[in-house]
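Let me begin by presenting the structure, written as structure tokens, before commenting on it.
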Amino acid sequence: MSKTVIAYLFAETLHLAGVERIYGVVGDSLNGLTDSLRRQGKIDWVHVRNEEAAAFAAGAEAQLTGRLAVCAGSCGPGNMHLINGLYDCHRTRVPVLAIAAQIPTAEIGSNYFQETRPEALFRECSVYCETISDADQMPRTLDTAIRAAVGQRGVSVVAMSGDVALRTTTGTLARSSGVLLPAPATIVPDAAGVAELAALLNGSGRVTILAGRGCRTAHAALLDLAKTLQAPIVHALGGKEFVEYDNPYDVGMTGLIGFSSGYDAMMGCDTLLMLGTDFPYRQFFPTKAKVAQIDIRSENLGRRTGIDIGLIGDVGATIAALLPKLTAPRDGDFLQASRKDYAKAREGLDELAHGTPGSGVLHPQHVARVLSEQAADDAVFACDVGTPTVWAARYLAMNGRRRLLGSFNHGSMANALPQAIGAQAAYPGRQVVTLSGDGGLAMLMGELLTIKQLNLPVKIIVFNNGTLGFVEMEMKAAGLVETGVTLDNPDFAAMARAIGIHGVRITDPGEVEAGVRDVLAHPGPALLDAVTARTELSMPPKITIEQMKGFTLYMAKAVLSGRGDSVIELGKTNVGLLKRFL
């Protein structure tokens, strides 16, 4: 019986599973695999500068395509860098395979150079994590890992020593025509559960729908349900790209970065219907309303707030079973009132997205609005955490073709740039744009070199306000004088030009339109350094007494500590916003 080198069989299995590229940084413990990839010529190696970026890039590809994506790291520190990005993939529920190379087999347990325990390290951020220690074990282990990642929509980690990769095996491929991957299953709740939910909704007056990422394939069904119930739809951030567009029932978001209209629609309902969302902030749920929840994952039911009914099922299929049972007539008054509140909230936010040419005060909302207006109809946006997520959530218009990526569940800094690498690699002809914070960009700034080296035409919009803005606002709301948040930034546009990336810097509202247009139109990688106001506030939809006291206390402390100028600057920058709350 003929024998095959493990690394060759490993690469061929990935090819048959539909893998087109692997993101990573090479290392000696990966040499067997990378050389097999080179000789076979079927899978591209995407060379990033940090393995953390490799995991974020793979996650972005998997999220956009729905297919298995792969990242890799050499032994010890190499694969440990993957962990943060893999946590994000795991919590976003995307199919990713991580290859964690290991030190030589004979040295394991001897405190050898770069020795770690990959199974222990990656267990918490994966659905499957195993070590290949024997050549004949590899085909079955890898096949199982692939099926687990695809079937459970999560991260699988396979650890393997470099010497094992170079051994031979009599094992064969799982299928000569391709790895047998599990097809998605459609789950519908039992008839009794659907009938119970219908009875609850038929007996409810004011119903509000909270819709999340689980509505990704149920847009038409969601609108039919809202029409039947005359229910306003509040969307969670993860559901924005799937729910917001062409939706006459949408009343915005709730939560820390949401709209007042979304908050009020949830607080004013008799029954809240949660569809495909694990919205985490308990303080934004109603306390007196009845709550029903539909989710594909049983562990999500009732996790965030007490529920009266919980059904396990796909949102679209469950709505199809539910609609014929909804019989109670609706007057639509609650929906119309919620829509009027949304129009008012939207108008207030749009007023903030402008600037006076020559003033030198560049509002980040202005940059985000113009970006939304000028970007392609099928653009892929990736936003950093903190204030870039706020501006993306409030000002990027979705249309059913655009996509929005972020670290919405894990909340990691520096996600946008590496996610853009994965998005652009998967869709080379599509416009990919980041909304990068200055702190996030600086954290993984080496990936600018990756974009240049690979000539990926990513457009990087940097919100350069010289601070960790969201953290600074949190400190002020708690009554603290901001500490440790200042960023001494370079001219990012000049830095981009120094490494061969087209760079444009804008400092005034009169430059926004031309600056955004210039960067988006450039045929290769390009960066816009937007020097925005540091003291811009992003008010939550509900301002608590504690927050009001905190801001008052902050201003008093700032004046007493000799920083009264920052209080004056805050007032000047946010004069339009403050008028709405005074």
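A short reminder: the numbers here are calculations on the coordinates, not readings from a lab. Worth saying up front: this structure is predicted, and the values here are computed from it rather than measured. Counting neighbours? That spans all protein chains shown, and the Cβs are built from the backbone with ideal geometry, glycine included.
Some points to look at:
- Relative contact order (%) - criterion: Cα under 8 Å, at least six apart; region: the chain: 12 percent
- Per-residue Cβ neighbour rank within 10 angstrom, fewest leading, ILE451, ILE108: ILE108, ILE451
- Listed pairs LYS240/LYS325; LYS240/LYS344; LYS227/LYS340; LYS290/LYS325 exceeding 21 Å between Cα atoms: LYS240/LYS325
- Sequence-distant residues sharing a close amide H with VAL291 (under 5 Å, placed H): LEU272, ASP308, ILE309
- Ranked by the mean number of other Cβ atoms within 10 Å of their residues, highest first, the peptides 309-322, 334-347 fall in the order 309-322, 334-347.
- Near the amide H of ALA17, within less than 5 Å, lie the amide hydrogens of VAL179, all on another chain or at least 5 residues away, with H placed in the peptide plane.
- Using a cutoff of 8 angstrom between alpha carbon atoms and counting only pairs six or more residues apart, the relative contact order for region 262-374 works out to 17 percent.
- Summarising the amide proton neighbourhood of TYR23: residues at separation of 5 or more, or on other chains, whose placed amide H is nearer than 5 Å comprise VAL46, VAL70, CYS71, ALA72.
- Among ASP331, ASP250, sorting on how many other beta-carbon atoms sit within 10 Å of each Cβ, with the fewest leading, yields ASP331, ASP250.
- Two-decimal ratio, region 93-248, of alpha-carbon radius of gyration to 2.2 N^0.38 Å: 1.56
- Residue exposure sequence - GLU241, GLU12 - by fewest surrounding Cβ within 10 Å: GLU12, GLU241
- Between THR144 and ASN31, full extension at 0.36 nm per residue minus the direct alpha carbon distance yields a gain of 38.3 nm.
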